[in-house]
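Engineer: I have a structure here, written as structure tokens, and I will follow up with some questions on it.
The values are calculated or read from the model by the stated rules, or taken from the named source; none is laboratory data. Keep in mind that what you see is a predicted model, and the values were worked out from it rather than measured. Positions of Cβ are backbone-derived with ideal geometry, glycine not excepted, and every protein chain shown enters the neighbour counts. These accessible areas exclude ligands, DNA and RNA; they are computed on the full protein's heavy atoms, side chains included. Shrake-Rupley method; radii C 1.70, N 1.55, O 1.52, S 1.80 Å.
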Amino acid sequence: MDLRRPRFSSLPAHPPKRPGDLVRALLALRDYVRISILPGAALLAFLSTTEARAEFTVCNQTLDVVNLAVGQKVENTDQTDGWWTIGANQCVNVIREELTNRYIYIYATDVFGHAILTGSTEMCIDRRRFSIRGIDECWQRGRIAARFLEVDTLEQVRWTFFLTGSNP
């Protein structure tokens, strides 16, 4: 790669010798910048006109990797889903659509499967990735019963939960 040549093919390789050459070079640069910025500007205009998506986000502010399961009402039935792996100081969107439930339930374990965030609401989980309808009789259905923490979203359409070392 020749570092002496500019990357823009429409620009001269050497400094202009006449005043008109400088003007032509500046106009070429202006056109290049305008063409390069246009797609980004169009994308920004499109994104600013679209409605922001609501979601339930969990941010792991601990120094450990955690595995997260989430429970909520889906079509008037309790449903749990898992697992999301969240690295230290990372956030994950676990519910990507507008929140319709005031209460979301979460359960977290460390990488060894030990509970690090529990609550008082018993729901079903599984060892591998899962989506379980219903929270009754977990053991009888071949599932594991776990105590989920209830998160009150105050009927907001977007909520972020911060998992810290001092969570209940």
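Engineer: Yes or no: the range 152-160 includes at least one residue that is hydroxyl-bearing (S, T, Y), surrounded by 14 or more Cβ atoms within 10 Å (Cβ to Cβ) and under 20 Å from the mean Cα position of the chain (by Cα). It would help to see each step written out before you state the result.
Structural biologist: Taking the range 152-160 first, the residues hydroxyl-bearing (S, T, Y) are 153, 160.
Those left that are additionally surrounded by 14 or more Cβ atoms within 10 Å (Cβ to Cβ): 153.
When the remaining residues are screened for being under 20 Å from the mean Cα position of the chain (by Cα), the result is 153.
Yes, the conditions are met somewhere in the range 152-160.
Engineer: Restricting the search to the range 73-105, which residues are hydroxyl-bearing (S, T, Y), more than 20 Å from L154 (Cα to Cα) and surrounded by 15 or more Cβ atoms within 10 Å (Cβ to Cβ)?
Structural biologist: Passing the criteria: only T80.
Engineer: Every residue in the range 122-168 that is small (G, A, S) and without any contact (Cβ under 8 Å) to a residue 60 or more places away in the chain, please. Can you show your working first?
Structural biologist: Just the residues of the range 122-168 that are small (G, A, S), to begin with: 131, 134, 142, 145-146, 165-166.
Listed by number, the residues that qualify are S131, G134, G142, A145, S166.
Engineer: When the residues of the range 50-66 are filtered to those that are of a type in the set (V, I, T) and open to solvent by 40 Å² or more (accessible area, probe 1.4 Å), which remaining residue is modelled with the lowest pLDDT?
Structural biologist: Top of the filtered list is T50.
Engineer: Right, next: Check A69, A108, A145 and return the single one that is open to solvent by 20 Å² or more (accessible area, probe 1.4 Å), in a strand (DSSP E or B) and among the small types (G, A, S).
Structural biologist: Numbers: A69 fails: open to solvent by 20 Å² or more (accessible area, probe 1.4 Å); A108 fails: open to solvent by 20 Å² or more (accessible area, probe 1.4 Å).
Being open to solvent by 20 Å² or more (accessible area, probe 1.4 Å), in a strand (DSSP E or B) and among the small types (G, A, S) holds for just one of A69, A108, A145, which is A145.
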